[in-house]
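The values are calculated or read from the model by the stated rules, or taken from the named source; none is laboratory data. Note that the structure is a prediction, hence the values are computed from the model and not measured. As a convention, Cβ positions derive from the backbone with ideal geometry for all residues, glycine included, and neighbour counts pool all protein chains shown.
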Amino acid sequence: MAHSDIDTKLSGILKKYQDNFSEKLYVDNYDSTDLLMETFGVTQELKRENKQFWGRQLGMCWQLLVVELCKNACSDYSNALRFGSDEPCDLVLGTDAIDTKYRVGSGDSGTLRKFRQYGDLLRENGYRPVFLFLREDNLPAALNACRSGGWTVYTGEATFNYLKEKTSFDLYRWLHFHRDRKTFFIERNRA
């Protein structure tokens, strides 16, 4: 093969990656907070100390809040569904199989494949897969994969509206109330 042909092929690969890297949205540098962070007084500066810790903890807190709210406010509440070792959702309201997420920042193929598989599994069993994301700075490719996998996706304000419609409880307003009063602000021990 001629050097010019090799150059064309190799340049094509680099061009493909150049385009991919140029289009990549890096949401980890998102400098705003969200209502749950504000309820605890967690700043981006504090969160940057250990993003993985804060992401996991805020995500679990979000899940527990939604599950507890729905469990106590909805007559059609059911616990998470299990299919073998898989648990594709956190709770069920009627036929809505709901998975709560703080945010989705990973677009890796394994995560996206799991979203699609779980969406298919839930629909095959008569459920409507629903994602309730707290944050709005989710990775667009991951949200598209969720939607193409059959999930109904709510983010930010739409998530709070969905919950208010289902539970008749305004979680958004409740969190604002506690944020404004600093009821749950964290006090870090400096030992």
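Here are the numbers for this structure:
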quantity	calculated
Only listed residue being surrounded by 11 or more Cβ atoms within 10 Å (Cβ to Cβ), farther than 30 Å from Gly94 by Cα, modelled with pLDDT under 85 and not acidic (Asp, Glu), chosen from Tyr26, Tyr30	Tyr30
Only listed residue being at pLDDT 95 or above, within 20 Å of the chain's Cα centre (by Cα) and more than 23 Å from Thr43 (Cβ to Cβ), chosen from Thr152, Thr111	Thr152
Residue tally, condition over 14 Å from the mean Cα position of the chain (by Cα) and part of a helix (DSSP H, G or I), over the range 115-131	9
Yes/no for Gly94 being without any contact (Cβ under 8 Å) to a residue 24 or more places away in the chain, in contact with a strand residue (DSSP E or B) (Cβ under 9 Å, 6 or more places away or on another chain) and more than 15 Å from Leu143 (Cβ to Cβ)	yes
Residue list for the range 93-108, filter: within 17 Å of the chain's Cα centre (by Cα) and either among the aliphatic types (A, V, I, L, M) or in a loop (DSSP other than H, G, I, E, B) (or both)	Ala97, Ile98, Tyr102, Arg103, Val104, Gly105, Ser106, Gly107, Asp108
Which numbered condition Arg103 fails, given (1) farther than 25 Å from Lys51 by Cβ; (2) out of contact with any Gly (no Cβ under 7 Å at 6 or more places or on another chain)	(1)
Count of the range 66-96 residues which are over 21 Å from Gly156 (Cβ atoms) and surrounded by 17 or more Cβ atoms within 10 Å (Cβ to Cβ)	5
Test: residue in the range 104-124 that is surrounded by 13 or more Cβ atoms within 10 Å (Cβ to Cβ) and within 16 Å of Gln63 (Cα to Cα)	yes
Options Gly94, Gly12, Gly84: the member that is in contact with an Asp or Glu (Cβ under 7 Å, 6 or more places away or on another chain) and either modelled with pLDDT of 90 or more or farther than 30 Å from Glu124 by Cα (or both)	Gly94
Residue count for the range 70-92, restricted to those that are more than 19 Å from Gly149 (Cβ to Cβ) and in contact with a Phe, Trp or Tyr (Cβ under 6 Å, 6 or more places away or on another chain)	3
Hits in the range 34-92 - residues which are among the polar types (S, T, N, Q) and either in a loop (DSSP other than H, G, I, E, B) or more than 19 Å from the chain's Cα centre (by Cα) (or both)	Thr43, Asn50, Asn72, Ser75, Ser78, Asn79, Ser85
